[in-house]
Amino acid sequence: MPKLEDDRSKSKDGEGAAVMEWQLEPGVVSKLYDVFTVAGLRVDAIEPGRALCSFTVPPRLTDKSKRMHGGALASLVDLVGSAVFYAGGSPTTGVSLEITISYINAARANEEIEIEGTVLGIGEKTGCVVVEVRKKSTGEVIAHGRHTKYLALAISSKL
């Protein structure tokens, strides 16, 4: 795969640095998601059945009106929701069965948000968590998600 020019000096919001980091890492295809979507996600607290993370919304994840794109928000709900299964004692993050998100408000470019995931329950084969996304400065809810996963270790395909 050809390398792109290093354009970090042209970037106003650090996106060039993220692209360059992506290009320099081995396994380029597997790293694109991490660098583009969740780079900058910080774990603030983790305890049994709960995880609290914070994130500054980068301009690359916003629409024309500088509001965070719903797909990027869904990715954070998915990622933090999956991580909470480990915090709840599951040996795996499993496979998504259902993910629902209610979008209540909008986060803007460069705004600090927090993402809190809590285990509702973990059974023998399935588990469910809730994830709430809030504006860090006010606590105002931006989105509320629910994530159900199949957690059995032996997964076989019928394909």
What accessible surface, in Å², does a 1.4 Å probe find on His144, ignoring ligands, DNA and RNA and rounding to the nearest 10?
80 Å²
Give, in whole angstrom and from largest to smallest, the semi-axes √(5λ) of the equivalent ellipsoid of the stretch 28-154, with λ running over the eigenvalues of the Cα gyration tensor.
25, 16, 13
Ordered by packing density, taken as the mean number of other Cβ atoms within 10 Å over each peptide's residues, highest first, how do 104-117, 71-84, 46-59 rank?
71-84, 104-117, 46-59
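Could you compute the net charge surrounding Gly121? Neighbours are other residues with a C-beta less than 13 Å from the C-beta of Gly121; K and R count +1, D and E count -1.
Values: positive: Lys125, Arg146, Lys149; negative: Glu124.
With Lys, Arg at +1 and Asp, Glu at -1, the neighbours total +2.
Provide the FRET efficiency to the nearest 0.05 for the Ser96-Glu140 pair, computing r from the beta carbons and using R0 = 30 Å. Before the final figure, lay out each step's value.
Values: r = 27 Å, r/R0 = 0.91.
My answer for the efficiency is 0.65.
The values are calculated or read from the model by the stated rules, or taken from the named source; none is laboratory data. Note that the structure is a prediction, hence the values are computed from the model and not measured. As a convention, Cβ positions derive from the backbone with ideal geometry for all residues, glycine included, and neighbour counts pool all protein chains shown. With ligands, DNA and RNA removed, areas are computed over all heavy atoms of the protein, side chains included. Shrake-Rupley method; radii C 1.70, N 1.55, O 1.52, S 1.80 Å.
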